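A quick write-up on the structure given underneath.
The values are calculated or read from the model by the stated rules, or taken from the named source; none is laboratory data. Computed from a prediction, not measured in an experiment: that's the story for all the values here. Quick reminder, even Gly has a Cβ in these numbers, built from the backbone with ideal geometry, and neighbours come from all protein chains shown. What goes into the accessible areas is simple: the full protein's heavy atoms, side chains included, and nothing from ligands, DNA or RNA. Shrake-Rupley method; radii C 1.70, N 1.55, O 1.52, S 1.80 Å.
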Amino acid sequence: MLSYIVKRALQSVLVLLAVGLVAFSMFRFVGDPVENMLGQERTNADIERLRESLGLNDPFLVQYWDFLVGAVQGDVGVSFRQGRPALELIMERAPATLELALVSAIFAMVLGIVLGIYTAINRKGPITNFILSTSLIGVSLPTFLIGILLIYIFAVELKWLPSFGRGETVDLGWWSTGLLTWSGIKSLILPSITLGLYQMTLIMRLVRSEMSEVLRQDYIRFARARGLSERAINFRHAVKNTLIPVITVAGLQIGSIIAFAIITETVFQWPGVGLLFIDSVQFVDIPVMASYLMLISVMFVGINFLVDMLYLAIDPRLRDGKGS
Amino acid sequence: MDMLKRAIASDLFWSFKRSPVAVISALVAITLILAAVFAPLLAPYNPFDPASLNLMNGFSKPMEPNAFTGESFVLGTDDQGRDVLSTILYGMRISLFVGALAVLFAMVIGVVLGLVAAYAGGRTDAIIMRIADVQLTFPSILVAMLIFGIAKGFTPIHLRDQMAIWVLIISIGLSDWVQFARVVRGAALVEKSKEYVEAAILIGRGPVAIIFKHILPNVLSPVLVIATISLALAIISEATLSFLGVGAPPTQPSLGTLIRIGQGYLFSGEWWILFFPAVTLLLLALSVNLLGDWLRDALNPKLDD
């Protein structure tokens, strides 16, 4: 078991090193940093001096190592466009994205589980059919069209909710939150539904199929034979065994919520990291792109690792040390 | 003629006839694809010919004569007086062109790497599949965005608009090869252990011939299914990237670009600039997707829900 954990951890580190290499190559080979830093009136001696002081004449592996050491310490270069450290820009906008992702994840989990259980218990019926067919449409609509549709209905026609921005925010130290003001909460509703809808349908389908599977098991039939009420069977016995695999899968979805936030943030002009990233892609702002890539990889790889460890804790078959 | 007769008599066509969803989606998809291919003949105007544009025609409502010029447009016009129907037809061309080539690109990479991984085994297999795993950790749209950004950095500034379409094809293609590689590898591993491969090795055929002449034809049917579903995904990815402003340039607008333009006029009540491109995109993606679903079920009777 320990060897499995070590092996898995090593794999994660390898993935991160590979991503670091990609990020580093972006710095090194996309555009010439010297070209970017020196003005028109430069001499060859200037160029040579700058190359030497930036370490561009060192061997490749030495440069890569320096880059990694810098990245671990939070130094990933200065944004070409805004002239400020890339990490500082990202950190400034992180609260907006994390709040959005968190609310969407909660929305997706709660509604997905509730609807999944409902449709599994009531397999036929008009409400189940309605939920299932709506979810099919929801999956086929691209995220940005869902966002536009919601804006059209709730912001343009009904004028209930704002169509863009975060509303008023309150600063708690370095964390600016929109959850404490009424306008902040109102601004959060449409983006989080847009972002969470796809994950919600995914979780719902998963819960539905897992639960239907569980309800066919012998111990459920046995519980019924013992004369337990439907309520006790469904909620005390079936749900508990449904949720274990669901939670691990849902954990993996958090990563994609943060990635898909890019689209939602653009539709709603949400001042988060995703909007910053899209700007950086448009203007080829390599330091911001590379830092975003590295941060999000650390997150993805971390979540994957945690989920694997969770499987290990749940599934005894992996614990014998045979699993790999 | 003979081919056609055989196609009509096949099992696949029989199951096609019995599925109304498949027939309708096929009709919709074929109509849209034909409309896109023949756009220059079908479109009432050429939206990229500045001579045919009249700014006075801007914001004409669908089916209503314009207040200034009295001209009438079936689906209305956008801010610059371009006929929305024509921009959709031309936009669909670009969406389909990008989607189809991106899938083709992904397919070639994925199939070749999958076959090589399965046939070579050992370290080659491990390296290829490890790369695939790493890429699968990241959502493909994010990978496409990153590749787009990097590729843009490599293109000289004055060529960026012209190259954007090709950069887009490469980014979407590179973000989508993993599916193909995994499925092909799985299928090829099964084929590899069959007698005909051993026979081919015994009569002394080289590995390249065995992989591409003998194994490849037998793993094509899952590839076909993935290609169809990937086409729907690629069309949506392209639309998403263009909508975000990191895809097709304004000089060659795809459906996504048109939706991006239309979003700006939603608040002022010019709904048609957004609505018609969005519906077209939806019909296109949905019909291709449903066809893919049907194909998957038809080729894999085991997969019944």
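Only one residue of A:Ala101, A:Thr181, A:Ile244 has its Cα farthest out toward the positive end of the dipole of the stretch A:92-283, where Lys and Arg carry +1 and Asp and Glu -1 on Cβ, and that residue is A:Ile244. Shape of chain B from the C-alpha gyration tensor: prolate (a/c of 1.5 or more and a/b above b/c, with a ≥ b ≥ c the square roots of its eigenvalues). In angstrom, the C-alpha Rg and Dmax of the stretch A:92-283 are 19.3, 67.
When only C-alpha pairs under 8 Å and at least 6 residues apart count, what is the relative contact order of the stretch B:136-259, in percent?
Details: 88 pairs, mean separation 35.1, N = 124.
This gives 28 percent for the stretch B:136-259.
For a straight C-alpha distance cut-off of 18 angstrom, the aspartates and glutamates reachable from B:Lys152 (same-chain residues fewer than eight places away being disregarded) are A:Asp32, A:Glu35, A:Asp279, A:Asp285, B:Asp161, B:Glu238. When only Cα pairs below 8 angstrom with a gap of at least 6 residues are kept, chain B shows a relative contact order of 22 percent.
Short-range pairs are left out: with C-alpha atoms under 8 Å and at least six residues apart, the relative contact order of the stretch A:92-283 is 35 percent. Taking 21 Å as the straight-line reach from the Cα of B:Lys17, the lysines in range (excluding those fewer than 8 positions away in the same chain) are B:Lys5, B:Lys302. Taking the three principal axes of the alpha carbon atoms in the protein assembly as shown, the coordinate ranges are 77, 69, 68 Å, sorted in descending order. Note on B:133-142: average number of Cβ atoms from other chains within 10 Å of each residue's Cβ is 6.
Once the Cβ-Cβ distance of A:Ser209 and B:Tyr196 is raised to the sixth power relative to R0 = 45 Å, the FRET efficiency obtained is 0.75.
Tell me which of A:Ile5, A:Tyr152, A:Phe235 sits at the most positive position along the dipole axis of the protein assembly as shown, charges placed on C-beta atoms (Lys, Arg +1; Asp, Glu -1). Farthest along the dipole direction, towards plus: A:Phe235.
Here the label points at A:Asp75 and B:Met3, each 7 Å from Cα along the C-beta direction, are separated by 6.5 nm in the simple model. Per residue, the convex hull spanned by the alpha carbons of chain A comes to 183 Å³. Label-to-label distance, B:Arg130 versus A:Leu21, with points set 7 angstrom from Cα along the beta-carbon direction: 0.9 nm.
The stretch between A:Arg28 and A:Trp174 holds 49.3 nm of extra length on full extension. This uses 0.36 nm per residue minus the Cα-Cα distance.
When only the Cβ of Lys, Arg, Asp and Glu is charged (+1, +1, -1, -1), the dipole of chain B relative to its Cα centre reaches about 860 debye. Computed from protein heavy atoms with a 1.4 Å probe, the total accessible area buried between B and A is close to 3100 Å².
Would you list which lysines come within 24 Å of B:Lys61, measuring only between C-alpha atoms, while excluding same-chain residues fewer than 8 positions from it? Output for B:Lys61: A:Lys159. A 1.4 Å probe run over the stretch A:92-283, with the rest of the protein chains in place, finds 48 Å² accessible per residue.
Modelled this way, with points 7 Å down the Cα-to-C-beta line, the labels at A:Arg123 and B:Val108 are 4.8 nm from one another. The Cα center of the stretch A:47-125 and the Cα center of the stretch A:244-259 differ in position by 17 Å.
Estimate the FRET efficiency between A:Thr181 and A:Gln217 by the formula 1/(1 + (r/R0)^6), using the beta-carbon distance for r and 45 Å for R0, to the nearest 0.05. About 0.40, to the nearest 0.05.
Note on the protein assembly as shown: dipole from Cβ charges, positive end direction compared against A:Leu206, A:Gly83, B:Phe212; the farthest Cα belongs to A:Leu206.
If R0 is taken as 35 Å, the Cβ-Cβ distance between A:Tyr311 and A:Ser229 corresponds to a FRET efficiency of 0.60.
Using 0.36 nm per residue and subtracting the Cα-Cα separation, the extra length available between B:Val208 and B:Leu299 on full extension is 30.0 nm.
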